Number of protein chains: 2
Amino acid sequence: MPEIVTAAMLVIGDEILSGRTRDRNIGHLAEMMTAVGIDLKEVRIVSDEEEEIVAALNALRARFTHVFTTGGIGPTHDDITADAVARAFGVPCEVDGRAYAMLEASYAARGMEFTAARKRMARMPRGADHIDNPVSTAPGFRIGNVHVMAGVPAIFQAMLDNVIPTLKTGTKLLSATVHCPFGEGVIGGPLADIQKAHPDTIIGSYPKYQDGAFWTELVVRSRAPDALDRAREAVEAMVAGLAARQ
Amino acid sequence: MPEIVTAAMLVIGDEILSGRTRDRNIGHLAEMMTAVGIDLKEVRIVSDEEEEIVAALNALRARFTHVFTTGGIGPTHDDITADAVARAFGVPCEVDGRAYAMLEASYAARGMEFTAARKRMARMPRGADHIDNPVSTAPGFRIGNVHVMAGVPAIFQAMLDNVIPTLKTGTKLLSATVHCPFGEGVIGGPLADIQKAHPDTIIGSYPKYQDGAFWTELVVRSRAPDALDRAREAVEAMVAGLAARQ
């Protein structure tokens with residue numbers, strides 16, 4: 001039997017909701033999850049408000065195997081993710097001795113002051129494990145099924161590379177893409193019939209619009225390679241049949 | 001008194017969650033909302049599953065002034081947004097006579113068959129109003145405080161342009177950006193003091209990392225122009241003071 005492992009993502013940050021910054025982490029996480037056999041099922045973006053973060057986190061961590069957060073773990077007053085995660089888990093948020101020592105040594109080595117703001121980055125919920133940050137030392141952390149990472153894309157990606165080998169993964173959802181030169185209005189009927197005849201697959205139709213014309217990307221997905229092949233062949237035959245009639 | 005009007009967005013589509021398609025609508029909606037004086041407070045991305053869409057929609061429409069959805073209103077079997085929205089509102093999803101006539105005339109004018117799949121695009125919750133689609137005829141719709149729009153970016157943007165003049169808007173959240181050549185660890189302490197001294201503003205710090213060095217974009221936001229100016233001046237003075245000490 002295929003094993004299904006799910007995930008959700010919580011993006012924390014006013015700057016995404018105001019349009020000032022375009023998120024670049026959702027697409028990256030989505031691609032990585034698909035590659036390793038984890039189904040990303042939901043993403044939420046919330047503002048830098050503790051109540052909002054706590055409510056979203058508790059909703060997501062109860063429903064999905066893994067939860068990933070980005071944003072709000074830096075040294076400034078608007079970085080409240082560690083406090084919010086601690087509150088969601090009902091544990092204190094406190095200075096982690098090992099993180100403090102790592103940061104202290106890193107700033108000393110660079111001849112930089114270990115300011116009160118920088119010390120904030122050693123705070124995490126009691127009982128959390130580190131997620132290594134090879135870019136700028138200050139660690140992310142994992143508590144329960146929640147992985148808390150930076151919002152800066154280069155750091156998020158480096159942290160995620162450290163997290164992925166530790167994750168429980170499931171049977172990969174395989175996919176095959178069929179380019180279709182026809183719009184959805186042409187293929188909608190026969191495609192629905194193919195979906196019905198291949199219940200072990202998920203067939204998606206993604207409309208594209210360019211230069212006044214529609215075309216479609218048809219994507220067949222399945223955890224069973226044989227079922228995937230059969231459905232892909234049916235979709236290809238449908239497209240070829242329509243092309244022959246033009 | 002400033003008037004606060006809020007919004008949420010619901011992005012519907014497996015293709016975003018699988019990483020196949022990178023969302024391009026969230027950032028556009030976020031910018032447009034900020035420009036007209038509506039606070040985008042939450043975004044959710046859910047899969048093409050009716051239960052998920054209904055639950056997310058009911059959560060969001062109860063909490064925010066406006067809700068905007070993208071995706072799932074095309075002619076194929078995986079386009080289930082109209083049904084899900086109808087179910088969320090407890091009304092039937094049925095063929096809208098005016099939408100049907102518009103689509104029928106449009107396909108006739110282009111010499112194209114009005115297929116069963118295309119007829120699906122005339123379905124909407126009973127009592128919904130149209131959102132005009134100048135690109136490809138098939139309308140979006142509004143029911144209650146929910147605006148249902150296409151996922152194809154060109155069509156979404158055109159529909160949104162038609163929706164925005166109809167929306168209740170609030171006092172604009174003004175913003176001023178101060179470029180800061182220092183990382184957050186340097187400015188975190190004094191910036192928190194400035195935030196405390198200017199409670200009518202929201203001061204955000206957005207770390208940027210490039211070529212091995214951190215710098216920061218500091219953003220002051222307020223609905224009161226005078227408060228904005230005072231806080232911006234304080235932030236600029238802090239940055240100038242730090243630069244003078246280097």
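Read-outs: derived from the displayed coordinates by stated rules, not from any lab. Values in this document were obtained by computation on a predicted structure and should not be read as measured data. Glycine also receives a Cβ, built like all others from the backbone with ideal geometry; neighbour counts cover every protein chain displayed.
Once you have the alpha carbon radius of gyration of chain B, what is it after dividing by 2.2 N^0.38 Å, with N set to its residue count? Intermediate results must be reported in sequence, preceding the final value.
Values: Rg = 22.5 Å, N = 246, 2.2 N^0.38 = 17.8 Å.
For chain B, the normalised Cα radius of gyration is 1.26.
Using only Cα atoms, locate the centre of the stretch B:138-162 and the centre of the stretch B:51-70, then give the distance between them in Å, rounded to an integer.
For the stretch B:138-162 versus the stretch B:51-70, the Cα centre distance is 15 Å.
Would you mind telling me the antiparallel percentage of the DSSP bridges in the protein assembly as shown, rounded to 5?
On the way: 55 of 87 bridges.
Looking only at bridges with both residues in the protein assembly as shown, the antiparallel portion is about 65 percent.
Determine the percent antiparallel among the DSSP beta bridges restricted to the stretch A:6-166, to the nearest 5.
Working: 9 of 25 bridges.
Just about 35 percent of them are antiparallel.
State the Cα centre-to-centre distance between the stretch A:196-226 and the stretch B:1-32 in whole Å.
Cα centres, the stretch A:196-226 to the stretch B:1-32: 23 Å.
Rank the residues B:Y206, A:Y209 as a footprinting-exposure proxy: fewest other Cβ atoms within 10 Å of their Cβ go first. Could you put the intermediate results ahead of the total?
Values: B:Y206 23, A:Y209 16.
Final ranking by Cβ density, sparse to dense: A:Y209, B:Y206.
Under a Cβ-only charge scheme (Lys and Arg +1, Asp and Glu -1), can you give me the dipole magnitude of the stretch B:6-166 about the Cα centre, in debye to the nearest 20? Please report the intermediate quantities before stating the final value.
Working: 16 positive and 21 negative charges, 55 e Å.
Dipole about the Cα centre, nearest 20: 260 debye.
Can you put B:H77, B:H179 in order, fewest other beta carbons within 10 Å first? Please list the in-between numbers first.
Working: B:H77 19, B:H179 11.
If I rank by nearby Cβ atoms, fewest first, I get B:H179, B:H77.
Quick one: in chain B, whose Cβ comes closest to the B/A rotation axis, and how close in angstrom?
B:R44, 3
How big is the dipole moment of the protein assembly as shown about its Cα centre under a simple scheme where the beta carbon of each Lys and Arg is +1, that of each Asp and Glu is -1, and everything else is neutral? Debye, nearest 20, please. Please report the intermediate quantities before stating the final value.
On the way: 50 positive and 62 negative charges, 19 e Å.
Charge dipole of the protein assembly as shown: 80 debye, to the nearest 20.
Can you compute log10 of I(q)/I(0) for the protein assembly as shown with the Debye formula, treating each Cα as one identical point scatterer, at q = 0.06, 0.09, 0.14 Å⁻¹?
The calculated log intensity ratios at q = 0.06, 0.09, 0.14 Å⁻¹ are -0.31, -0.68, -1.36.
Any idea what the relative contact order of chain A is, in percent, if you count C-alpha pairs under 8 Å spaced at least 6 apart? Can you show the working numbers first?
Numbers: 425 pairs, mean separation 42.3, N = 246.
That works out to 17 percent.
Which of A:D211, A:D14, A:D226 moves the most in a Gaussian network model of chain A with Cα springs under 10 Å?
A:D211
Taking a threshold of 22 Å on the Cα-Cα distance, which of the pairs A:K208/B:K119; B:K41/B:K168; A:K119/B:K196; A:K119/B:K208; A:K41/B:K208; A:K41/B:K172 fall above it? Write down the numbers at each step before the final one.
Working: A:K208/B:K119 19 Å; B:K41/B:K168 16 Å; A:K119/B:K196 19 Å; A:K119/B:K208 19 Å; A:K41/B:K208 29 Å; A:K41/B:K172 34 Å.
Checking Cα-Cα distances, A:K41/B:K208; A:K41/B:K172 exceed 22 Å.
Taking the label point 7 Å from Cα in the Cβ direction, how far apart in nm is B:A243 from each other copy of itself, listed shortest first?
6.0
Which FRET efficiency, nearest 0.05, do A:I164 and B:D161 yield, Cβ-Cβ r, R0 56 Å?
Details: r = 41 Å, r/R0 = 0.73.
Once the sixth-power term is evaluated, E becomes 0.85.
For an R0 of 30 angstrom, estimate the FRET efficiency from the Cβ-Cβ distance between A:V95 and B:A55 and round to the nearest 0.05.
Details: r = 39 Å, r/R0 = 1.29.
Calculated transfer efficiency: 0.20.
What FRET efficiency comes out for B:Q210 versus B:A62 if R0 is 60 angstrom and r is the Cβ-Cβ distance? Round to the nearest 0.05.
Numbers: r = 42 Å, r/R0 = 0.70.
E(calc), rounded to 0.05, equals 0.90.
Nearest 20 debye, what's the magnitude of the dipole of the stretch A:174-245 about its Cα centre given +1 on Lys and Arg Cβ and -1 on Asp and Glu Cβ? Please report the intermediate quantities before stating the final value.
Values: 7 positive and 9 negative charges, 16 e Å.
The calculated dipole for the stretch A:174-245 is roughly 80 debye.
Can you run phi through the Karplus equation (6.51, -1.76, 1.60; θ = phi - 60°) for the stretch A:25-32 and list ³J(HN,Hα) in whole Hz, with x for Gly and Pro?
After applying 6.51 cos²θ - 1.76 cosθ + 1.60, I find 9, 4, x, 5, 4, 4, 4, 5 Hz.
Provide B:R221, B:R120 in ascending order of the number of other Cβ atoms located within 10 Å of each residue's Cβ, fewest first. Walk me through the numbers on the way to the answer.
Numbers: B:R221 20, B:R120 24.
Listing B:R221, B:R120 from fewest to most nearby Cβ atoms yields B:R221, B:R120.
Calculated from DSSP H runs of 4 or more alone, at -39500 (n - 2.57) each and per residue, what is the 222 nm mean residue ellipticity of chain A, nearest 500? Walk me through the intermediate numbers first.
On the way: 9 runs with 102 residues, N = 246.
Using -39500 (n - 2.57) per qualifying helix, the result is -12500 deg cm²/dmol.
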